[in-house]
1. Looking for whichever is within 20 Å of the chain's Cα centre (by Cα) and farther than 19 Å from D31 by Cβ here; the options are A139, A75. Which one fits?
2. Which of the residues that make up the stretch 45-67 are under 14 Å from the mean Cα position of the chain (by Cα) and either free of Cβ contacts under 8 Å to residues at least 24 places away in the same chain or open to solvent by less than 10 Å² (accessible area, probe 1.4 Å) (or both)?
3. Out of D240, D196, I need the residue that is touching a Phe, Trp or Tyr at 6+ places or on another chain (Cβ under 9 Å) and among the acidic types (D, E). Which one?
4. Has the stretch 83-90 got at least one residue that is surrounded by 17 or more Cβ atoms within 10 Å (Cβ to Cβ) and in contact with a Phe, Trp or Tyr (Cβ under 8 Å, 6 or more places away or on another chain)?
5. Please determine whether any residue of the stretch 27-38 is open to solvent by 70 Å² or more (accessible area, probe 1.4 Å) and free of Cβ contacts under 8 Å to residues at least 24 places away in the same chain.
6. Tally time: how many residues in the stretch 7-39 are in a strand (DSSP E or B) and either more than 15 Å from E71 (Cβ to Cβ) or aliphatic (A, V, I, L, M) (or both)?
7. When the stretch 195-220 is examined, which residues are found to be under 18 Å from G272 (Cβ atoms) and either part of a loop (DSSP other than H, G, I, E, B) or at pLDDT below 95 (or both)?
8. Sort out for me the strands (runs of 3 or more DSSP E) sitting completely within the stretch 125-186 that have 1 or more residues that are open to solvent by 70 Å² or more (accessible area, probe 1.4 Å) and within 19 Å of P105 (Cα to Cα).
Amino acid sequence: MRRAEQITDPITYHGEGPVWSPSWGGLRWVDMLAGDLLTLRSDGSVDRLHVGDVAAFVRPRSNGGYVVAVERGIALADGPDDVPTPLEPLWDDPNVRMNEGGCDPHGNLYAGGMAYDQKPGGAGLYKITPEGDVSVTLAQVTVSNGLDFSPEGDLAYYNDTATGTTDVFDVVDGELTNRRVFVSSDGTHPDGLTVDSVGNVWVALNGAGRVRCYSPRGTFLEEIEVPVRLVTAVTLGGDDLCDLYITTSKENLDDPEPEAGALFHARVDVPGKPVLPYRG
């Protein structure tokens, strides 16, 4: 098994949601419960921008700005380094927060939540159109996590961590349908995920200290070890999209590893896909 290399100090409490986009100069991720966006610069330094009580995930906007999920909704920025402006909350319950999301090929934003106490079925997955219309895609979600689409856009892969499985949907007329199990994570906790340019699915296994790659048929292909139990999310980036970036956390750990909260990296053979932006 290959081992990922550490490329930053352990600078986050709960690192999550890495995304590569040339629009903001490379890699961006969140220190979720600090409410901060982090951007890795070409010299290895990291910029930090506070956006709210929670910064759950971030995606570029097609206009050159970005969208970030804050505690109970989203916030929009017009420029890559601007402070975002929050929109109206999607819900009022203070016990539920945003957790993870992503965009589809049509420019819609999917935003998923979780209850702070991880109450089963306590949250949902919402679809936000470029016009700002909001609908519920999935109700009674426990810990909404990774979401990404196949290269053709006809399949969507999704983790509700509490299920212990990575699921797959057919995408029909822009809607997620026919949910079924893609792979079981063998007693581990599937967290963030990303899909590469040939449809392989990389899944972060929270609590297991590794990320795992599956073929489009669900066949195990490869595993990369991380010296931190709480591996949270993965993305592919770099100039050739063959750099695998892995975020980690020390959330609620009494005895975190010295590296917990750092960003990790590995090279892979199959490149990723360019990130799908929000068109709103």
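The values are calculated or read from the model by the stated rules, or taken from the named source; none is laboratory data. Computed from a predicted structure; not experimentally measured. Counting neighbours? That spans all protein chains shown, and the Cβs are built from the backbone with ideal geometry, glycine included. Accessible surface is based on the protein model in full, side chains and every heavy atom, while ligands, DNA and RNA are left aside. Shrake-Rupley method; radii C 1.70, N 1.55, O 1.52, S 1.80 Å.
1. A139
2. Matches in the stretch 45-67: A55, A56, F57, V58, P60, V67.
3. Only one candidate passes the filter, namely D196.
4. yes
5. No, that holds for no residue.
6. Within the stretch 7-39, residues that are in a strand (DSSP E or B) and either more than 15 Å from E71 (Cβ to Cβ) or aliphatic (A, V, I, L, M) (or both) number 13.
7. S197, V198, G199, N200, S215, P216
8. The qualifying strands (runs of 3 or more DSSP E) are 134-141, 165-172, 175-184.
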